[in-house]
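The values are calculated or read from the model by the stated rules, or taken from the named source; none is laboratory data. Only a predicted model underlies this, so the values are computations on that prediction, with no experimental measurement involved. FYI the Cβ positions are ideal-geometry reconstructions off the backbone, even for glycines, and counts take in every protein chain you see. Protein only, heavy atoms only, side chains kept; ligands, DNA and RNA dropped before computing areas. Shrake-Rupley method; radii C 1.70, N 1.55, O 1.52, S 1.80 Å.
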Amino acid sequence: MDKKKGITLCMCRMCPSFVDCKEEIAFCMAEPGTSGCIKKEQGCLCPGCPVQAAENFRHVFYCTRGSEAGQSHDR
Ligand code: SF4
Ligand code: SF4
């Protein structure tokens, strides 16, 4: 799916780790994906997200650890 659709489906705003600094969400699809303001990992809703399922993404905490592509390269 395109990033615009990902942003509409993204569950980050309901996540306990989420901090709103008016940046674009769907961190999994962004490059590098890390948030400028979310620093503390306090749970992640990505495993239950429709974007994660549709794209077959395998990682979590995209906001603090980087996009799906970025975390995949780190392996
Ligand atoms: S997988 Fe996570 S970062 Fe990606 S769209 Fe869903 S909730 Fe947002
Ligand atoms: S990427 Fe995961 S941990 Fe970060 S805000 Fe989204 S759901 Fe929460």
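Quick notes on this structure:
- Residues within the stretch 19-60 that are near ligand 1 (Cβ under 9 Å from one of its atoms) and crowded, with 17+ Cβ neighbours inside 10 Å, tallied: 16
- Any hit, the stretch 56-63, residues being more than 10 Å from Ser17 (Cα to Cα) and among the aliphatic types (A, V, I, L, M): yes
- The residue of the stretch 2-18 that is nearest to ligand 1 (Cβ to nearest atom), among those that are touching a helix residue (DSSP H, G or I) at 6+ places or on another chain (Cβ under 6 Å) and open to solvent by 50 Å² or more (accessible area, probe 1.4 Å), is Leu9.
- Considering (1) open to solvent by less than 60 Å² (accessible area, probe 1.4 Å); (2) at negative phi; (3) near ligand 1 (Cβ under 9 Å from one of its atoms), the lone condition that Ser72 does not fulfil carries the number (3).
This table checks each residue for (1) part of a helix (DSSP H, G or I); (2) touching a residue at least 60 places away in the same chain (Cβ under 8 Å); (3) more than 9 Å from ligand 2 (Cβ to nearest atom); (4) in contact with a Cys (Cβ under 6 Å, 6 or more places away or on another chain).
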residue: Pro16; (1), (2), (3), (4): no, no, no, no
residue: Asp20; (1), (2), (3), (4): no, no, yes, no
residue: Ser35; (1), (2), (3), (4): no, no, no, yes
residue: Glu41; (1), (2), (3), (4): no, no, no, no
residue: Ala54; (1), (2), (3), (4): yes, no, yes, no
residue: Arg58; (1), (2), (3), (4): no, no, yes, no
residue: Ala69; (1), (2), (3), (4): yes, no, yes, no
